[in-house]
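The values are calculated or read from the model by the stated rules, or taken from the named source; none is laboratory data. These figures come from a predicted structure and were not determined experimentally. Cβ sites come from the backbone with ideal geometry, for glycine too, and all protein chains shown count toward neighbours. Surface areas here come from the heavy atoms of the whole protein model, side chains and all, with no ligands, DNA or RNA. Shrake-Rupley method; radii C 1.70, N 1.55, O 1.52, S 1.80 Å.
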Amino acid sequence: MNWPTPEAVSEPEPPLGPIADESARVYADDSGDRYFDEARSSFDFEPPFKPRRNRLRMWTMAAALFAVVATGAVAVVARYGLPDWMPLARATFAEAQPDLVLNFPANRQDRRTMPNGAEFFSASGTVTNVGQTRRTVPTILIVLRDGREKIVYSYEVAPPKRVLAPGETVEVNEAVTDVPKSARIAEIGWKPG
């Protein structure tokens, strides 16, 4: 084995170039950027992480909650109907009953003031089954309106006979004494179910 001679090993190294400018140093200790805050202790309590806010998930949950509430509201309205305080237009009377005819002529309706000052209203008419089968007679509704057609009084009348045979007619007579003085118009129809 050949070992290098001391002359070959002791060759002088070339001189180093000038040292770079101090302002061009990569990691300057005197700069304000630090990896940690020296005023804060690393042993202070803090949560292990900050929870991330996923806005898409929050909006999805809000939309799902709204859908559940809206579906529930629709189901309640479908089952029980709109509440009385809703300002939506509703039919005062139910739809016409098949094969049942209400006949309450205006000349058989009477309104007058009693000697004691109470208002009296009476209505007489008939319900006729014009069909070929037996029909159940629903409750009759009498509605009194004022001059501006606002409902001021209403009451229900149970028919004297609940089931009518084909061609059968039943007479209905009803009178009330606690009618408001502002009542001007009377309307008679089937009570909504």
Exercise. How far is the Cα center of the stretch 155-170 from the Cα center of the stretch 116-153, in Å?
Worked result: 13
Problem set entry | Added length on full extension, which subtracts the Cα-Cα distance from 0.36 nm per residue, Asn103 to Phe45 | 12.3 nm
Seminar exercise, completed: For the stretch 114-193, inverting the pair-averaged 1/r of distinct alpha-carbon atoms gives a Kirkwood value in Å of 14.0
Exercise. With +1 on each Lys and Arg Cβ and -1 on each Asp and Glu Cβ, how big is the dipole of the stretch 93-155 about its Cα centre, in debye rounded to the nearest 20?
Worked result: 60
Exercise. What's the extension gain from Tyr155 to Ala175 if we count 0.36 nm per residue and subtract their Cα-Cα distance?
Worked result: 6.2 nm
Exercise. How high is the FRET efficiency from Thr136 to Ser182, r the C-beta distance, R0 45 Å, rounded to 0.05?
Worked result: 0.80
Problem set entry | Heavy-atom accessible surface of the stretch 96-193: percent carbon and sulfur, 1.4 Å | 48
For this session: Identify all lysines with a Cα-Cα distance to Lys150 below 27 Å; exclude those on the same chain that are fewer than 8 residues away in sequence.
Result: Lys181, Lys191
